[in-house]
Amino acid sequence: MSQTELSRRQFMQTAAATACACALCGVSSASASEKVPTTPLDAGKPDDFANDGVYDQFAKSRHILIVRHDNKLYAPTAVCTHKHCVVRAKDQVIVCPCHNSRYDVDGVPTRGPARKPLVRYSIRIQDGRIIIDPTQTFDPSKWNEPLAFITL
Ligand code: FES
């Protein structure tokens, strides 16, 4: 076996091991643009989010969070603004497993290294269902716009 073949084999083994490790811990090395959802999500009924808190059941599959807070529902991205890992809900806050950033329920970072807030996706009720449209985003200056939240 040549040195080149050995190096290639070692590279592939290392790459496969890294991919498996990342998959197991929920960390992905995909770029931010690969994590931007492009199709609308039917997230269910408002009653499915009956209690205040952060809901992350769509975080891994669609990179979308749903938050109920102060009689409002809104849909922040589940992609950390630091290096684009997928965040999750923990004890009523949003945490990033990669470098331990934390965000409050509004999606504003309370502990770094993340420094930028999580953008929110368009959210509306249609035929009794919550529809989230990730093609329209709202930065913090637009969080009070009509499609940035649902009033319950
Ligand atoms: S990617 Fe989230 S804290 Fe670094």
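The values are calculated or read from the model by the stated rules, or taken from the named source; none is laboratory data. Just so it is clear, the model here is predicted, and its values are computed rather than measured. Glycine also receives a Cβ, built like all others from the backbone with ideal geometry; neighbour counts cover every protein chain displayed.
Numbers at a glance
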| read-out | value |
| --- | --- |
| Exclusive hit being surrounded by fewer than 17 Cβ atoms within 10 Å (Cβ to Cβ) and touching a His at 6+ places or on another chain (Cβ under 8 Å), set Lys116, Lys142, Lys83 | Lys83 |
| Residue match in the stretch 138-149 (condition: modelled with pLDDT of 95 or more, over 16 Å from Tyr55 (Cα atoms) and in a strand (DSSP E or B)) | yes |
| Ala32 within 12 Å of the chain's Cα centre (by Cα), closer than 17 Å to Ser101 by Cβ, modelled with pLDDT of 95 or more and among the small types (Gly, Ala, Ser) | no |
| Members of the stretch 86-113 that are of a type in the set (S, T, N, Q) and either touching a His at 6+ places or on another chain (Cβ under 8 Å) or surrounded by 17 or more Cβ atoms within 10 Å (Cβ to Cβ) (or both) | Ser101 |
| Residues (among the polar types (S, T, N, Q) and near the ligand (Cβ under 8 Å from one of its atoms)) located in the stretch 86-118 | Asn100, Ser101 |
| Residue tally, condition assigned to a loop (DSSP other than H, G, I, E, B) and of a type outside the set (Asp, Glu), over the stretch 83-111 | 14 |
| Cβ pairs under 6 Å, 6+ apart, first in the stretch 130-145 and more than 15 Å from Ala43 (Cβ to Cβ), second of a type in the set (Lys, Arg) and modelled with pLDDT of 95 or more | Phe138/Arg120 |
| Strands (runs of 3 or more DSSP E) contained in the stretch 36-78 and holding at least 2 residues β-branched (Val, Ile, Thr) and in contact (Cβ under 8 Å) with a residue 24 or more places away in the chain | 66-69 |
| Condition check for Asp70: at pLDDT below 95, out of contact with any Lys or Arg (no Cβ under 9 Å at 6 or more places or on another chain) and not small (Gly, Ala, Ser) | yes |
| Selected residue (criterion: nearest to the ligand (Cβ to nearest atom)) from residues of the stretch 119-129 that are surrounded by fewer than 14 Cβ atoms within 10 Å (Cβ to Cβ) and free of Cβ contacts under 8 Å to residues at least 40 places away in the same chain | Gln126 |
| Selected residue (only one of Ile123, Ile94, Ile132 is among the hydrophobic types (A, V, I, L, M, F, W, C), in the same structural domain as Pro37 (by TED's automatic domain parsing) and touching a Leu at 6+ places or on another chain (Cβ under 6 Å)) | Ile132 |
